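Note sheet for the following structure.
Read-outs: derived from the displayed coordinates by stated rules, not from any lab. Everything numeric in this text was worked out from a predicted model, so none of it was measured. Glycine also receives a Cβ, built like all others from the backbone with ideal geometry; neighbour counts cover every protein chain displayed.
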Amino acid sequence: MADEALVIATTTGPVRTLTFNRPAALNSFTAAMHRELRTALDAAADDGAVRCLVITGAGRAFCAGQDLNDPEMSGDVGAVVERIYKPLALRIRSMPVPVIAMVNGVAAGAGANFAFGCDLVMAARSASFIQAFSKIALIPDCGGTWLLPRLVGRARALGLAITGDKLPAEEAERIGLIWRSVDDAALADQTQALAQRLAAMPVKAIAATRRVLDEAVMISYADALSLEARVQAELGQGGDFREGVAAFLEKRSAKFSDR
Ligand code: T3D
């Protein structure tokens, strides 16, 4: 019998869903799961029919971060971060389509920061986020040191990172760390509705919006204005822009197709 997939890919129209599938270990990342995830992300990026990606976990957790038992990942922690978590975080940020983390349960360590690196986080009311790193004498990784202060400010970022306290989803929404927390029973349907909505939008412009927002926080105001002009010039040549304007003028729904 073939081994069960550690990352399950399903497709509903233009929406691809990837499900971490190690529920007994709270979907913590092993080297094997990382390999399957990378393959699945590349496949979604390369498939022109995919216009939105949803990532979630099987069972009661989203992802408990690095599997602390994985012999393939023990030893040189720095090398693991450099060779695996850095490319993973950058892969998410370079996806040509919007990426939604559907956080169905606890997200800890790199599992939490992986979710924060996605474009939108939809979380079940019962889900929680834990910067578990301090408990094992590490710093936040998978982009956490960059993402947390930008999302919630230095005081809250440091508080979360130092204490490693569990942050309930509703509180995460209240402080601006995630997009929405919703009733557990509504999570799948509301996330799918959001994903289908995004898939019908001009996804190339959405991916450009993510890129420019991220770059703009690191450059001067004047440089950000120039960057806006350059990216707008490129998008202005696109079929989606022509279609969007035509649809507005003709009072009809736009049909976007650029990626
Ligand atoms: O190389 C490197 O390490 C560098 C990379 C670092 C990135 C990181 O992510 S570091 C942070 C790693 N993650 C953690 O430290 C979180 C560890 N897990 C927990 O703190 C707790 O499991 C949770 C708070 C997430 C959930 O607690 P609870 O009580 O709901 O569940 P549990 O009983 O602790 O876990 C259930 C099972 O999952 C359990 O297995 P068992 O006893 O039923 O056989 C537990 O060992 C397993 N599990 C949970 N998290 C991990 C894990 N197994 C391996 N690695 C885990 N991270």
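Observations on the structure shown:
- C-alpha long axis of helix 221-236 to longest principal axis of the chain, angle in °: 60
- Relative contact order of the chain, defined on C-alpha pairs under 8 angstrom at six or more residues apart (%): 16
- Against the chain, whose longest principal axis comes from its Cα atoms, helix 187-199 is set at around 40 degrees.
- Inter-part distance where the range 123-141 and the range 46-74 are each reduced to a Cα centre, Å: 15
- 3J(HN,Hα) along the range 80-92: 4, 5, 5, 8, 10, 6, 5, x, 5, 4, 6, 4, 4 Hz, from the Karplus curve 6.51 cos²θ - 1.76 cosθ + 1.60 with θ = phi - 60°, whole Hz, x for Gly and Pro.
- Packing, as the average of other Cβ atoms within 10 Å across residues, places the peptides 73-86, 132-145, 55-68 in the order 55-68, 132-145, 73-86, highest first.
- Net +/- balance of residues flanking A49 in space, Cβ distance below 10 Å, scoring K and R +1, D and E -1: +2
- Sorting D3, D119 from the fewest to the most surrounding beta carbons within 10 angstrom yields D3, D119.
- Across the range 245-257, rounded Karplus estimates of 3J(HN,Hα) from the backbone phi angles (6.51 cos²θ - 1.76 cosθ + 1.60, θ = phi - 60°) give 5, 4, 5, 4, 5, 8, 6, 9, 6, 7, 10, 8, 9 Hz, Gly and Pro being marked x.
- Straight-line reach from K166: taking Cα to Cα under 23 Å and skipping same-chain neighbours fewer than 8 places apart, the lysines in range are K135.
- Sorted fewest first by neighbouring Cβ atoms within 10 angstrom, M95, M218, M201 come out as M218, M201, M95.
- Neighbour-count order for L158, L249, fewest beta carbons within 10 angstrom listed first: L249, L158
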